[in-house]
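Q: Structure provided below as C-alpha cells; questions to follow.
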There are 2 protein chains.
Amino acid sequence: MKKFLNNVDTLLGESLSGFAKAHADIIQLNSQPRYVKRINLGNRGKVALISGGGSGHEPLHTGFVGAGMLDAACPGQVFTSPTPDQMLAAAQAVEQGGGVLFIVKNYAGDVMNFEIAGEMLDYPNATVLVNDDISLPKTHSVGRRGVAGTLIVEKMVGAAAENGADLASCKALGDKANLATASMGVALSSCTVPALGKPTFELKENEMEMGVGIHGEHGRETQKLTSAAEIVEHIAGEIHAELKPEKGQSVLLHVNGFGATPLMELYLVYELAAQFWQKRGLNITRSLVGNYTTSLDMAGCSITLTLLDDELTKLWDAPVHTAALRWGC
Amino acid sequence: MKKFLNNVDTLLGESLSGFAKAHADIIQLNSQPRYVKRINLGNRGKVALISGGGSGHEPLHTGFVGAGMLDAACPGQVFTSPTPDQMLAAAQAVEQGGGVLFIVKNYAGDVMNFEIAGEMLDYPNATVLVNDDISLPKTHSVGRRGVAGTLIVEKMVGAAAENGADLASCKALGDKANLATASMGVALSSCTVPALGKPTFELKENEMEMGVGIHGEHGRETQKLTSAAEIVEHIAGEIHAELKPEKGQSVLLHVNGFGATPLMELYLVYELAAQFWQKRGLNITRSLVGNYTTSLDMAGCSITLTLLDDELTKLWDAPVHTAALRWGC
C-alpha cells in the first residue's frame, strides 16, 4: 500500500485537522464526537441541514459544509457510518429553531444510525434518503445506493434552507431533487482502504467494473474494457432509460471522478455524455466536472443527470461558499 | 494502460471540447490553432496574460482562464510545449492595447517557443519565467523548473492586471511572486502518458521518488518510502532553508496533488506542513489544498510556500472566476 500515512488509526483525525486549518474561514471541527460545522450559521429559524457518512469520499460531505449548503457533516471512519452521538452533537451545535433535516445516502449503516439519531433528537426532524445509483434494480433488497447525486440534493436543499424554506418544504424539495437525479459509475481500478492495506477487489489489465458504488465493493458486472465512447454510451443509455427525459428538457450533467482519474479523461467523458444527450434533444444548461464524490484512490468515474425545472435551476445557481463548491459569494 | 480513451490522437481535442462545453460561461476554445480564451476580456487597455504548456497538468492552465486570472492559455500535446502559432493567435484574440505578458514555466521547449512568439509579436510584450521547484540546484544547467507555484503567480498577476497595472508592473509583480515562492514534490507512482502506454518510470512497492517535476521524469532521488511526517519534514525543511522566512512572516501554504492522491491524504500533508511552519513561528494566513498542477495519473503531491506581504495577500484575495479557482465573484 503506497499512501501518505503516519498511522492508519490517526489518519482520519490528522486529515480532518488539516481540513479544519485550511478552511478555518468556513468551518470548525469538533473532535469528540466528530463533526464539522459551519461557522456562520445563517438566519435564525433556518432549517439545519446535516449529512454524513463514511470517510474516503472527500470532498463529500465535509467539503460541502458552509453557506448555502450543509450546516454540519459527520464523518465516520473510512467507508464506515458515523454514529448517532455524532449526529446528535452536530444537531445540538447547529439547530436554530427551524428543526433538522438529515440528508442520508442509502446505505444500511448510515440509514440505521441517522434513524436512531432522529428518534433521540429533541428537535423536529426529517430525513431525505438519496438513492440515485441506478446500477442496482429498484427492487434490490436494501434499495438503491446514494452516490454522486447526493451533492446535488445537498446543494439544492441548502439553497432553499438559506432562503427560509421550512422543514417540510426542504424535505419535499430534497425528495424531488433525488427523484430527478440518476447516476451510474464505472471503475478501472479498485481502491485501497488504509486499514485493509490492499485493493478491495482485483481487475485484470483489460477489465473494468461496471455499475460500482463508492465503497470499493464489486459492481454490477466485470466487463471487458472498451472505448470511452462505448462506456459512456452504455452508462448514459441506462440513465436515459431510467429518467426518460423529453426533448427540450433542461438538465444538469455531472461527471464525477472517483479519485485517481485525471481531469483530461473526465472532460473527455463529459464531451461524450454531452454529445449523447444533445443528440437526443436535451438542453444541458448546467455542468459540474471533477472529483467530488470519490472512493479513495479508485480510478473511474460516474455520470449523473438531473432533470431541471426553474425551481431546481435557481437553487443550483444560488450562492454557495464551501471548501469544495463556491460561487456567487 | 487503463484510461478512458477513444484514440490517443484525438484525446486532447475531445477533452478540450468537453472542457469548453462545461465552462461555456467563462471560456471559449479555438481549435486551429489551439487556445482557450476568456469570454469577457475585462477593461480595454488591460495587460493580456497568456500562459500555456504541455497538457496533462489540468486544471493548469486552461482551468485558470477567466476574470482575475489568465486571458488565454495555449495547451500543447501531453507534456509537450505548445507552438508559437498558438501563442500568436491567442495574443491576437485577447490583446486590448495594454500589451501581452507571457507566464511561462521554465522548461526548455516552453521557453523557446514563447520566446519565438514574443519576437514575432507586434504588441509590446514581456515574460515572467516561473522556476519555483527547488528540487534542482540553482546552478542546474537549464535552471529550476516551474511547477505548482505557477498558479500562484498567475493568480496574483491576474489580479494586478485586472486592477489596471501596466505591463512593466505586471512583469515586476510576477517576478516578485515567483521569487517569494518555493515548491518541492514527491511521487509514490509514476504516470502513464497515453501515447506511451506504460509508466514513465518504475518504483518498487517500498520506494518513492523525491524531488519530482510534473512531466513523469525521474526525480532527484529514489528513496525508501517513509512516514508522511518524515516526508513532509524533509520537503518543508528544504523549502524553509531556501526561503529563510523570519518568525511572524505571513505565508500562503499550498498542498498540490499530482492527480491520483486522495484529498484525505493531501489534507494530512497539509496538517503536517502547517505544524512544521507553525512550530517555526510562521503565520499561515492563506491556504490552497487540492489537485491543481497535476501529472496525469501520478500519485504524489507537492508543497508550495509563498511569502506574503500586504500587496501579495490582497492580490491573492481579489475576485477570480475561472473553471478551477473561483471566489469573490
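The values are calculated or read from the model by the stated rules, or taken from the named source; none is laboratory data. Quick caveat, the model's predicted, so the values are computed rather than measured. Positions of Cβ are generated from backbone atoms using ideal geometry, with glycine treated the same way; all protein chains shown enter the neighbour counts. Calculation scope for accessible area: heavy atoms of the full protein, side chains included, ligands and nucleic acids excluded. Shrake-Rupley method; radii C 1.70, N 1.55, O 1.52, S 1.80 Å.
Q: Quick check on chain A: helices-only [θ] at 222 nm, where DSSP H runs of length 4 and up contribute -39,500 (n - 2.57) each and the sum goes over total residues. Nearest 500, please.
A: It comes out at -10000 deg cm²/dmol, rounded to the nearest 500.
Q: Please report the accessible area of A:Lys3 (heavy atoms, 1.4 Å probe, ligands and nucleic acids excluded) in Å², nearest 10.
A: 10
Q: Please provide three numbers in whole Å: the alpha-carbon extents of region A:15-180 along the principal axes, with the largest listed first.
A: 43, 34, 27
Q: Kindly identify residues of region A:196-241 having a loss of at least 40 Å² in accessible area between the isolated chain and the assembly of all protein chains, probe radius 1.4 Å.
A: A:Glu205
Q: In whole Å, how far is the Cα centre of region A:126-148 from that of region A:310-328?
A: 24
Q: Among the lysines, which fall within straight-line cross-link reach of A:Lys171, defined as a Cα-Cα distance under 27 Å, with same-chain neighbours fewer than 8 residues apart omitted?
A: Result set, ordered by chain and number: A:Lys37, A:Lys46, A:Lys105, A:Lys138, A:Lys155, A:Lys244, A:Lys314.
Q: Using a 1.4 angstrom probe, figure out how much accessible area chain B has per residue, in square angstrom, rounded to the nearest whole.
A: 35
Q: Long-range amide H contacts for A:Gly76: which residues qualify at under 5 Å (H placed 1.01 Å from N, peptide plane, sequence gap of 5 or more or a different chain)?
A: Close amide H contacts, sequence-distant or interchain: A:Gly53, A:Gly54, A:Ser55.
Q: If I compute solvent accessible area with a 1.4 Å probe over the protein chains, what percent of it on region A:156-202 is carbon and sulfur?
A: 58
Q: Hey, which residue of A has the C-beta nearest the axis mapping A onto B, and what's the distance in Å?
A: A:Ala260, 2
Q: How big is the dipole moment of the protein assembly as shown about its Cα centre under a simple scheme where the beta carbon of each Lys and Arg is +1, that of each Asp and Glu is -1, and everything else is neutral? Debye, nearest 20, please.
A: 420
Q: Can you tell me how region A:1-81 classifies by the Cα gyration tensor, rounded, prolate or oblate, using a/c under 1.5 as the rounded cut?
A: Judged from the Cα gyration tensor, region A:1-81 comes out prolate (a/c at least 1.5, a/b above b/c).
Q: Every other copy gets compared here: list the nm distances from the A:Ala195 label point (7 Å along Cα to Cβ) to its counterparts, shortest first, one decimal.
A: 4.6
Q: Moving on to the next point. Which shape class, rounded, prolate or oblate, goes with the protein assembly as shown when its Cα gyration tensor gives a ≥ b ≥ c as root eigenvalues, a/c under 1.5 marks rounded, and past that a/b bigger than b/c marks prolate?
A: Rounded, since a/c falls under 1.5.
Q: What are the distances, in nm and sorted shortest first, from the label point of A:Asn206 to the label points of the same position in each other copy, with each label point placed 7 Å from Cα along the Cα-to-Cβ direction?
A: Nearest to farthest, the other copies are at 3.5 nm.
Q: Next question, about the same structure. Using amide H atoms built in the peptide plane, which far-off residues or other-chain residues are under 5 Å from A:Val100 H to H?
A: So A:Val100 has HN proximity to A:Ala48, A:Asn125, A:Ala126.
Q: Could you pull the copy-to-copy label distances for A:Ala172, with points set 7 Å along Cα to Cβ, in nm to one decimal and sorted shortest first?
A: With the label placed 7 Å along Cα→Cβ, A:Ala172 yields 6.2 nm.
Q: Next question. Give the interface area between chains B and A as buried accessible surface, both sides summed, probe 1.4 Å, in Å² to the nearest 100.
A: Buried area between the two chains comes out at roughly 4700 Å².
Q: Which of the aspartates and glutamates could a cross-linker span from B:Lys198 if the Cα-Cα distance has to be under 14 Å and same-chain partners fewer than 8 positions apart are dropped?
A: A:Glu205, B:Glu217, B:Asp297
Q: Set the bar at 31 Å for Cα to Cα. Now go through B:Lys2/B:Lys204; B:Lys2/B:Lys176; A:Lys204/B:Lys224 and name every pair that lies beyond it.
A: Flagged as over cut-off: B:Lys2/B:Lys176.
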